[in-house]
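The values are calculated or read from the model by the stated rules, or taken from the named source; none is laboratory data. Remember, predicted model here, so these are calculated numbers, not experimental data. For neighbour counting, all protein chains shown are included, and Cβ atoms are generated from backbone atoms with ideal geometry for every residue, glycine included.
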Amino acid sequence: MKDFFAHETAVIDTDCTIGKDTKIWHFSHIMSNCVIGKGCNIGQNVVVSPKVVLGSNVKVQNNVSIYTGVICEDDVFLGPSMVFTNVINPRSAIKRKDEYKTTVVKKGASIGANATIVCGNNIGKYAFVGAGAVVTKEVLPYALVVGNPSKQIGWVSEYGHRLIFDDNGFAVCKESNQKYQLKNNIVIQLKND
């Protein structure tokens, strides 16, 4: 007996692993040999290709194709119609399945609607990729990136709120009271006292 929900129009191939309490909605296709963690929400018209790995509590909005080579860790958000690629120089007449690049979206990262992630560029933990951004290089943990090509314009907390660092490199997220330190372009979440 399955312990996840799949809408009657969803297609789920054999040899998939789907975690408890995951929901798969209208017209989505879950392809063979992929792994989907617990408590995920797979929106309408989503394709999860073979060998994709989604951690627990991943939210995939409508019209997203997650291609072979993509790994999303826990608590990742994929906005509506965002795009992953998996080949650097695709050509219809040339088979390049042996050239798929890996893209890892780290824990807690969010990718906005209509953003494009060029394959092989990892997204750091808790990073935030703005709507419509085109990511052509690695995104640092806690970084906020926007534009085409994407550029970093700031930092965000685990909750996705902007962080403003003082002259000593410290910031407090007003919404959560979490403390952060920026040192050598690396954000560290500090333990609260």
Provide a single number: the residues in the stretch 2-28 that are farther than 11 Å from residue 43 by Cα and not in a loop (DSSP other than H, G, I, E, B). 5
Being under 22 Å from residue 142 (Cα atoms), assigned to a loop (DSSP other than H, G, I, E, B) and polar (S, T, N, Q) narrows 45, 114 down to just 114
Of the residues in the stretch 92-111, those that are in a loop (DSSP other than H, G, I, E, B) and surrounded by 20 or more Cβ atoms within 10 Å (Cβ to Cβ) number 3
Just to check your reading of the model, which residue among 70, 11, 53 is under 19 Å from residue 113 (Cα atoms), assigned by TED's automatic domain parsing to the domain that holds residue 128 and out of contact with any helix residue (DSSP H, G or I) (no Cβ under 8 Å at 6 or more places or on another chain)? 70
Of the candidates 133, 113, the one satisfying the condition of being hydrophobic (A, V, I, L, M, F, W, C) and either touching an Asp or Glu at 6+ places or on another chain (Cβ under 8 Å) or under 21 Å from residue 41 (Cα atoms) (or both) is 113
Only one of (1) of a type outside the set (Gly, Ala, Ser); (2) touching a residue at least 40 places away in the same chain (Cβ under 8 Å); (3) over 16 Å from residue 189 (Cβ atoms) fails for residue 148. Which number is that? (2)
Could you list, in sequence order, the residues of the stretch 70-85 that are crowded, with 21+ Cβ neighbours inside 10 Å and touching a Cys at 6+ places or on another chain (Cβ under 8 Å)? 78, 84
Could you grab the pairs with beta carbons closer than 7 Å, sequence gap of 6+ or different chains, first residue in the stretch 175-189 and exposed (fewer than 11 other Cβ atoms within 10 Å of the Cβ), second one of a type in the set (Ser, Thr, Tyr)? 175/159
Output for the stretch 48-63, where each listed residue is assigned to a loop (DSSP other than H, G, I, E, B) and either within 13 Å of the chain's Cα centre (by Cα) or aromatic (Phe, Trp, Tyr) (or both): 52, 55, 56, 57, 58, 61
